[in-house]
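A.B. asks: Got a structure here, written out as structure tokens. Questions coming.
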Amino acid sequence: MKIRIYSPFLPYPVTEGAFQLIFEQVLGFAKYHSVELVCWKDSFESLQSKIGDSKTGRPGIDDQFAKIFGPSVRLIHWPAKESQESGLMRMNRLLRSLPSLDASPGLYYYPPERDQREELGPCDLAIYHYTFAWSWLRHRKQLEEQKTVIHWHNIESDQFEYRARQERVFALAGIHRWNAMKLARQESELEQLVDEFWMISPKDLIDLRERGSGKSASLRTPCYRAENLTQRRRAFEKHYLAVAKNLSADGHPTIGFIGGLDFEPNRMSLEWILDRVCPLLKNENFTGILKVVGKNAPPDLRDKMARFSFVNYVGFLPRLDPFWDELSLMLVPHITGSGVRIKLLDSIASGVPALANDAAIERIHPDLRNSPFLSVADDPKDWAKLILRLKGQSLRAHLQERGMDKAFEFAAIYPTFAVE
């Protein structure tokens with residue numbers, strides 16, 4: 001079977017939750033089938049930088065790509081002129097969207113002028129990531145894609161409606177609301193354009209069906225390769241044994257938060273921690289560290305973090321393994337937005353205890369809600385109590401003895417495709 005996966009950007013290095021989902025999906029399918037990964041938002045230079053080969057041109061990129069993704073995955077890359085969008089380009093995109101049916105973000109992720117799908121041959125299954133794919137799917141052309149799927153990451157219309165409510169500049173709020181209206185209409189039309197919806201979040205599926213859509217939808221929790229998680233857990237065990245001798249009876253824990261801070265839901269989550277939990281920790285003389293990983297923290301958020309001596313803002317990290325190794329606990333409050341906080345799934349799958357609220361766990365697969373790695377509370381006082389009880393990484397070391405939950409395995413998520 002030939003599987004074709006559309007992702008605007010190459011999902012590597014894995015620096016964000018969406019890339020994690022797509023990357024593991026590609027490798028999961030490649031274990032059983034031949035896979036084409038189609039990307040078009042990276043320039044040639046950007047692709048070279050991502051893959052790690054800047055000297056030997058396209059042949060070198062293909063060789064390096066095969067080392068990362070394996071021999072069963074073929075990269076189809078339609079190079080963009082520029083990977084980064086300038087302010088002028090953004091304004092032009094916005095103006096183009098105003099008289100058209102397309103929403104501005106749709107023109108960014110799936111610009112119609114970049115659609116070269118007619119060059120592709122037949123495939124058995126085509127997976128389009130993000131609902132912005134409406135901009136391409138409404139032009140079906142003469143494609144030989146036997147079955148098509150939209151893989152929802154969020155209900156994007158809800159995200160833009162939230163942005164509109166939060167925006168203080170009247171004109172920008174109007175633009176966000178206009179995009180939200182267009183995206184809502186597109187989301188209602190998508191079911192006539194594809195064969196199936198794949199949803200990450202049970203809550204999003206419920207919300208979608210309440211709006212009269214999603215009859216063909218099914219849950220597809222992000223998958224993880226067992227061998228990769230085993231390697232990560234062994235790395236922790238090695239790290240833990242190396243530092244355990246230096247831990248006192250009250251060993252200082254490292255708690256973590258991760259997420260791009262130019263994304264409003266992530267910023268709201270961190271602000272909740274800083275406003276509601278950190279003052280309680282400060283009052284109790286918390287001696288551990290809260291390590292915050294995420295790009296583009298605005299000045300006001302940096303100032304808020306600086307009020308607490310135990311908060312360490314790291315910024316963007318190109319490699320996250322060292323960050324995972326030192327964690328005692330991951331903090332994942334879900335304050336607003338749709339979708340799933342992939343970091344919550346990543347924590348549970350990797351054997352890192354996670355502390356979340358009810359809104360976060362209602363968005364993960366029901367089979368994972370009773371995971372021993374997951375603690376759930378809504379009251380900030382309960383969060384503070386659990387954090388203050390931590391003794392180094394002892395809780396994580398105790399839980400590490402458990403294996404990976406089967407709900408993360410490719411065969412459990414895609415049972416009809418887990419065949420040779």
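No value in this document is a laboratory result; all are computed from the given coordinates. Computed from a predicted structure; not experimentally measured. Here the Cβ positions follow ideal geometry from the backbone for every residue, glycine too, while neighbour counts run over all protein chains shown.
A.B. asks: Going by average Cβ density within 10 Å per residue, which order do the peptides 380-390, 18-28 take, highest to lowest?
C.D. replies: 18-28, 380-390
A.B. asks: Also, quick follow-up: Per residue of the chain, what 222 nm ellipticity follows from adding -39500 (n - 2.57) for every DSSP H run with n ≥ 4, rounded to the nearest 500?
C.D. replies: The helix-only estimate for the chain comes to -12000 deg cm²/dmol at 222 nm.
A.B. asks: I need the phi-derived Karplus couplings for segment 39-44: 6.51 cos²θ - 1.76 cosθ + 1.60, θ = phi - 60°, integer Hz, Gly and Pro marked x.
C.D. replies: Taking θ as phi minus 60°, the curve returns 9, 8, 9, 8, 6, 4 Hz for segment 39-44.
A.B. asks: Does anyone have the angle between helix 170-189 and the longest principal axis of the chain? Alpha-carbon axes, 0 to 90°, nearest 10?
C.D. replies: Compared with the principal axis, the helix lies near 70 degrees.
A.B. asks: Once you've got the Cα coordinates, tell me which of Lys203/Lys391; Lys147/Lys215; Lys203/Lys291; Lys291/Lys406 are over 25 Å apart.
C.D. replies: Among Lys203/Lys391; Lys147/Lys215; Lys203/Lys291; Lys291/Lys406, the Cα-Cα distance tops 25 Å for Lys203/Lys391; Lys203/Lys291; Lys291/Lys406.
A.B. asks: Moving on. Can you compute 3J(HN,Hα) from phi for each residue in segment 3-17, using the Karplus curve 6.51 cos²θ - 1.76 cosθ + 1.60 with θ = phi - 60°, rounded to whole Hz and x for Gly and Pro?
C.D. replies: Calculated HN-Hα couplings, in order: 10, 10, 10, 9, 9, x, 10, 4, x, 7, x, 7, 10, 7, x Hz.
A.B. asks: For segment 226-408, just the Cα set please: Rg and Dmax, both in angstrom.
C.D. replies: Rg and Dmax of segment 226-408, Cα atoms, are 15.5, 43 Å.
A.B. asks: Once both axes come from the Cα atoms, what is the angle between helix 156-166 and the longest principal axis of the chain, in degrees from 0 to 90, rounded to 10?
C.D. replies: It works out to around 60 degrees.
A.B. asks: Of all DSSP beta bridges in the chain, what percent run antiparallel (nearest 5)? If you can, show how the numbers build up before the last one.
C.D. replies: On the way: 0 of 44 bridges.
Percentage antiparallel, nearest 5: 0.
A.B. asks: Can you work out the FRET efficiency for the pair Gln116 and Arg165, with r the C-beta to C-beta distance and R0 = 30 Å, to the nearest 0.05?
C.D. replies: Numbers: r = 38 Å, r/R0 = 1.25.
Approximately 0.20, to the nearest 0.05.
A.B. asks: Could I ask something else about it? Once the Cα atoms of helix 57-69 and of the chain are each reduced to a long axis, what angle between those two axes, in degrees from 0 to 90 to the nearest 10, is obtained?
C.D. replies: Tilt of helix 57-69: around 50 degrees.
A.B. asks: Please provide three numbers in whole Å: the alpha-carbon extents of segment 75-147 along the principal axes, with the largest listed first.
C.D. replies: Cα extents, longest axis first: 39, 26, 18 Å.
A.B. asks: If you don't mind, there's one more thing I want to ask. Can you give me the Rg/Rh ratio for the chain, using Cα atoms for both radii and the Kirkwood formula for Rh? Numbers along the way, then the final one.
C.D. replies: Working: Rg = 21.9 Å, Rh = 22.8 Å.
Radius of gyration relative to Kirkwood radius: 0.96.
A.B. asks: Work out how much length Ala418 to Phe323 would gain on full extension: take 0.36 nm times their residue separation and subtract the Cα-Cα distance, in nm to one decimal.
C.D. replies: Working: separation 95, 0.36 × 95 = 34.20 nm, distance 3.23 nm.
Contour length minus Cα-Cα distance gives 31.0 nm.
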